[in-house]
Amino acid sequence: MGNLDPLGLTRRGFMRVGVTLLAVAALPQKIWAAALRPETVFQTTTLEATFEALGGVPQVSDGIIFSTPDIAENGAVVPVRIEIDPSVLPDVSKLYVIVEKNPNPLAAVFQVPPNTQPYAETRVKVAQTGNLYAVAEANGELYMVQRETKVTLGGCGG
Amino acid sequence: MASRMRIRAQLKEDYCEVKALMRHPMETGMRKDQSGAAIPANFIEDVQVLHNDAVVVQAYWGAAVSANPFLGVRFKGGAQGDVVKVVWRDNRGDSGSGETTIR
């Protein structure tokens, strides 16, 4: 029956066209969204992959002042602060907060225009004891500082 | 969606300090409720700080930012009485904002 049934073929053909059209319609929006929020970096699951997605392992810089607690009693609320010393590291345009042992290490990105101080304060979840990284991007180069935070109570539902 | 936000903008030596506390559960999507069903992810993805309608900070967040997120940023060029606004949008398309004047 299948080969002789014009309706079946037409329907299949119609579906194929429909799916293709849907895919095409969805495409520009996806590209647009990806250009804004660094989705692929947010989706990485290991520190190595996160650095790779950013464009390589950043070089250590003492121009980044990264404040985190040495011991966090509650991993669900760990205060972090990134400050930049502009005399050491000028033209910083992006700051990243990365938590090594989290399911997705990248926690937050802060983009600042030239008139905004490269400074960010927030609170993040830290799943377990491990390193936290502050990464700064200046003129396309990546710099970082790492700090260990010990967690006595996990940040993910524990 | 509760969009109440506590926000403060204060003039310091040569910059304006903005502090905002948003109300949001920031669910990672990895937690389970008591019956073992997964709690769907619900977190703020996008945060903007605006000074007189110009974006002074554009932040992108993941689910690892704590519940009821705190944001502290500093920008230059603010004057007393200027409007500072914080606007967020989450992965479900909900949004919220808070507004204050610099003091």
Strands (runs of 3 or more DSSP E) lying entirely in the stretch A:62-158 (those with 3 or more residues that are small (Gly, Ala, Ser) and either within 11 Å of chain B (Cβ to nearest Cβ) or more than 20 Å from B:Met22 (Cα to Cα) (or both)): A:130-138
Qualifying residue in the stretch A:148-157 (condition: under 20 Å from B:Asn68 (Cα atoms) and surrounded by fewer than 16 Cβ atoms within 10 Å (Cβ to Cβ)): yes
Unmet criterion (only one of (1) surrounded by 23 or more Cβ atoms within 10 Å (Cβ to Cβ); (2) over 19 Å from A:Leu106 (Cα atoms)) for B:Leu21: (1)
Filter result (over 22 Å from B:Thr28 (Cα atoms) and open to solvent by 80 Å² or more (accessible area, probe 1.4 Å)) within the stretch A:42-79: A:Glu52, A:Val57, A:Gln59, A:Val60, A:Asp62, A:Asp70, A:Ile71
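Please indicate, with yes or no, whether at least one residue in the stretch B:72-82 is out of contact with any Phe, Trp or Tyr (no Cβ under 7 Å at 6 or more places or on another chain), within 12 Å of another protein chain (Cβ to nearest Cβ), within 27 Å of A:Ala127 (Cα to Cα) and surrounded by 13 or more Cβ atoms within 10 Å (Cβ to Cβ). I'd like the intermediate steps shown before the answer.
Of all residues in the stretch B:72-82, those out of contact with any Phe, Trp or Tyr (no Cβ under 7 Å at 6 or more places or on another chain) come to B:72, B:77-82.
Keeping just the survivors that are within 12 Å of another protein chain (Cβ to nearest Cβ) gives B:72, B:77-78.
If we keep only those that are within 27 Å of A:Ala127 (Cα to Cα) too, we end up with B:72.
Checking the rest, the ones that are also surrounded by 13 or more Cβ atoms within 10 Å (Cβ to Cβ) come to B:72.
Within the stretch B:72-82 (the criterion being out of contact with any Phe, Trp or Tyr (no Cβ under 7 Å at 6 or more places or on another chain), within 12 Å of another protein chain (Cβ to nearest Cβ), within 27 Å of A:Ala127 (Cα to Cα) and surrounded by 13 or more Cβ atoms within 10 Å (Cβ to Cβ)), the answer is yes, since at least one residue qualifies.
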Failed item, numbered, when B:Ala54 is tested on (1) in contact with a strand residue (DSSP E or B) (Cβ under 7 Å, 6 or more places away or on another chain); (2) surrounded by fewer than 13 Cβ atoms within 10 Å (Cβ to Cβ); (3) of a type in the set (A, V, I, L, M): (1)
Residue match in the stretch B:45-67 (condition: more than 12 Å from chain A (Cβ to nearest Cβ) and part of a strand (DSSP E or B)): no
Evaluation of A:Gln128 against (1) farther than 20 Å from A:Leu36 by Cα; (2) at pLDDT 95 or above (one fails), failing number: (2)
Which listed residue, of B:Ala67, B:Ala37, is touching an Asp or Glu at 6+ places or on another chain (Cβ under 9 Å), more than 19 Å from A:Val112 (Cβ to Cβ) and open to solvent by 10 Å² or more (accessible area, probe 1.4 Å): B:Ala67
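Yes/no matrix, rows are residues, columns are (1) within 15 Å of the chain's Cα centre (by Cα); (2) among the charged types (D, E, K, R):
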| site | (1), (2) |
| --- | --- |
| A:Pro105 | yes, no |
| A:Phe110 | yes, no |
| A:Gln117 | no, no |
| A:Glu121 | no, yes |
| A:Val124 | yes, no |
| A:Gln128 | no, no |
| A:Ala134 | yes, no |
| A:Asn139 | no, no |
| A:Tyr143 | no, no |
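The values are calculated or read from the model by the stated rules, or taken from the named source; none is laboratory data. Predicted model, so just to flag it, every value in this text is computed and none were measured. FYI the Cβ positions are ideal-geometry reconstructions off the backbone, even for glycines, and counts take in every protein chain you see. For accessibility, only protein heavy atoms count, side chains too; no ligands or nucleic acids. Shrake-Rupley method; radii C 1.70, N 1.55, O 1.52, S 1.80 Å.
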